[in-house]
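Below is one structure; the comments refer to it alone.
The values are calculated or read from the model by the stated rules, or taken from the named source; none is laboratory data. Here the structure is a predicted model, which is why all the values come from computation and not from measurement. Here the Cβ positions follow ideal geometry from the backbone for every residue, glycine too, while neighbour counts run over all protein chains shown.
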Amino acid sequence: MKRITLWSFASVLLIAAGCNEHKANEPKAAAPSKSESEAKTATTTATTFSDFPVPAKPEVTPALVEHGKEVYLKNCSSCHGDKGDGRGICSAFLLPQPRNFTSAQYRLRSTPTGSLPTDDDLFRAVSLGLAGTPMPPWKVMLNDSDRWAAVEYVKTFSPRFAKGETMKRIELGQAPARSEAAIAQGKTLYAKMSCATCHGEKGQGDGPSALTLKDNDGNKIAARDFSKPSGFKAGYATKEIVRGFLTGFNGTPMPSFESSLSKEDAWKLAYYVETLVKTPPATVTRESQNFLHREQLGAPDVKVKLTERAWQFDPNEIHVKKGQIVEVTFEPTDNGLGVGHGFAISSYDESAFMNGAMVGVPKTVKFRADHAGRFIFYCSTQCSTDKLHPLMNGTLIVDDEIKTASR
Ligand code: HEC
Ligand code: HEC
């Protein structure tokens, strides 16, 4: 019984995984999207939290909420719990922990600190997921009405929503020009506002207070590492960074600076934060761990393009002949739990092993198929706990034939 639940949970995530269809919409902001890796160049950007188009909300009826409950029990409760308390069957495996909806402390909002999110905010968070966390982008699996229904149901876990609190939206103001001077002012503000206490001098999430930070539920929480765009929960875009300082992240130590920063200064500070990113040069493809060995093998006889979709390899069977030089290029369609996916072949793992292939950052490994037989290939990256990706394996079949390929 327990097992079945886990499996159905896995299949949800499996479907959840394939979200990378973001398109450019803001040419100026240097911004890889939430589901792309930091290796994407500054020219791509994506629909982030504040931009995500929200379709008209259906009328809230008992039938809609009832439907929301069905959607929730099927898709959300394995993590968030039947009671919305964040204690679903899979929650023990997850970091950060799934949101406890009963305390209504929402991170991604357009509203001031301490306030509830608007319905649109919730719809957007559910649609896009939270980058760098296990919260999936549900726009991939659930249609608009299912997502609206789920949002309405999630709201029932806290009495605050029914009370009808007034909602104010924080305006982000006009973006000043991104100049050297503006960035320098941002740097001064970074020091003045003590951002480094938590985020560190270089913004790598390692300030003097970093190790002591906890969220309201008492779980340890990391201050964001600004060198890694993939960890920005609302997607990596200047306006999301600005919105984040102004709204704060409810339930976490990340404060709101709405009362202490002018809108213009908030933008300048964001420009400075963006200079702390580390973007690997676009042209370098990361070498696999055994590239020295690879160099000596020469041109491959067989080239295999391997992808991952919904936490399964595609193809899941690779057929070669003994003696052939096999080159496997692997690019997943999601980044697993943020660290990418790997590829290794049992009995061949000394020569065929790679780790951390990401969306947009494929990896290649080359090896000689020098022993015949059937071998399991598997994900060598800890892209989930082993309980959650049991399907991520395939078979390498090496035929023992004398008349091998043309080499
Ligand atoms: C794989 C586990 C998992 C599943 C399944 C899942 N969530 Fe989440 N969800 C999370 C985690 C983890 C967080 C907290 C992320 C964080 O703190 O940054 C979260 C956060 C949220 C938030 C809070 C956003 C915010 O701004 O604070 C909402 C709303 C939410 N989930 C709704 C849903 C709904 C609705 C579903 C089902 C359609 C769902 N989740 C399914 C793991 C999951
Ligand atoms: C008391 C500690 C603390 C201070 C001070 C602080 N932050 Fe944070 N900040 C955090 C934590 C913790 C998070 C992560 C919240 C989460 O993951 O939900 C965070 C998250 C962020 C994010 C991530 C936004 C995203 O979408 O994920 C940005 C940007 C940020 N902080 C900027 C700043 C800047 C700039 C300052 C100074 C003006 C600052 N912070 C001051 C603790 C702090």
Practice task
Tell me which residues, restricted to region 87-121, are assigned to a loop (DSSP other than H, G, I, E, B) and aliphatic (A, V, I, L, M).
Solution key: Ile89, Leu94, Leu95, Ala104, Leu108, Leu116
Problem - Test result for Leu130, in the same structural domain as Phe161 (by TED's automatic domain parsing), within 6 Å of ligand 1 (Cβ to nearest atom) and under 17 Å from Asn335 (Cα atoms) - result: yes
Handout entry: Gly338 vs. criteria at pLDDT 85 or above and outside any strand (DSSP E or B)
Key = no
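Checking the conditions here, which among Thr61, Thr156, Thr113 is in contact with a Leu (Cβ under 9 Å, 6 or more places away or on another chain) and β-branched (Val, Ile, Thr)? Walk me through it before giving the result.
Details: Thr61 fails: in contact with a Leu (Cβ under 9 Å, 6 or more places away or on another chain); Thr156 fails: in contact with a Leu (Cβ under 9 Å, 6 or more places away or on another chain).
Within the list Thr61, Thr156, Thr113, the selection yields Thr113.
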Completion exercise
(1) of a type outside the set (A, V, I, L, M, F, W, C); (2) modelled with pLDDT of 95 or more; (3) over 24 Å from Ala46 (Cα atoms) all hold for Arg147 apart from (3)
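What number of residues within region 87-103 satisfy the criterion of being within 22 Å of Arg160 (Cβ to Cβ) and either outside the structural domain of Asn219 (by TED's automatic domain parsing) or near ligand 1 (Cβ under 8 Å from one of its atoms) (or both)? It would help to see each step written out before you state the result.
Let us first name the residues in region 87-103 that are within 22 Å of Arg160 (Cβ to Cβ), namely 87-88, 96-103.
Going one step further and asking which of them are either outside the structural domain of Asn219 (by TED's automatic domain parsing) or near ligand 1 (Cβ under 8 Å from one of its atoms) (or both), we end up with 88, 96-99, 101.
Going through region 87-103 one residue at a time, the tally reaches 6.
Output the residue which, of all residues in region 381-407 that are under 18 Å from Lys305 (Cα atoms) and buried (at least 20 other Cβ atoms within 10 Å of the Cβ), is modelled with the lowest pLDDT.
Among those that are under 18 Å from Lys305 (Cα atoms) and buried (at least 20 other Cβ atoms within 10 Å of the Cβ), it is Met392.
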Practice task
With the condition kept exactly as written, say whether any residue in region 122-143 is within 13 Å of ligand 2 (Cβ to nearest atom), over 17 Å from Gly251 (Cα atoms) and in contact with a Lys or Arg (Cβ under 6 Å, 6 or more places away or on another chain).
Solution key: yes
Exercise for the section: Answer yes or no as to whether Gly205 is crowded, with 18+ Cβ neighbours inside 10 Å, within 16 Å of ligand 1 (Cβ to nearest atom), in the same structural domain as Glu258 (by TED's automatic domain parsing) and assigned to a helix (DSSP H, G or I). Expected result: no
Fill in the blank from the handout: Residues of region 142-190 being in a loop (DSSP other than H, G, I, E, B), closer than 22 Å to Ser256 by Cα and either out of contact with any Asp or Glu (no Cβ under 6 Å at 6 or more places or on another chain) or not assigned by TED's automatic domain parsing to the domain that holds Ala56 (or both), in sequence order, are Glu165, Thr166, Met167, Lys168, Arg169, Ile170, Glu171, Leu172, Gly173, Gln174, Ala175
Handout entry: Test for Glu308: is it closer than 12 Å to Asn393 by Cα and at pLDDT below 90
Key = yes
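Conditions tested, residue by residue: (1) crowded, with 22+ Cβ neighbours inside 10 Å; (2) within 13 Å of ligand 1 (Cβ to nearest atom); (3) not in a loop (DSSP other than H, G, I, E, B).
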site: Gly244; (1), (2), (3): yes, yes, yes
site: Gly251; (1), (2), (3): no, yes, no
site: Phe257; (1), (2), (3): no, no, no
site: Ala266; (1), (2), (3): yes, no, yes
site: Tyr271; (1), (2), (3): yes, no, yes
site: Lys278; (1), (2), (3): no, no, no
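Can we say Val140 is β-branched (Val, Ile, Thr), buried (at least 18 other Cβ atoms within 10 Å of the Cβ) and more than 7 Å from ligand 1 (Cβ to nearest atom)?
Details: β-branched (Val, Ile, Thr): yes; buried (at least 18 other Cβ atoms within 10 Å of the Cβ): yes; more than 7 Å from ligand 1 (Cβ to nearest atom): yes.
Yes, satisfied.
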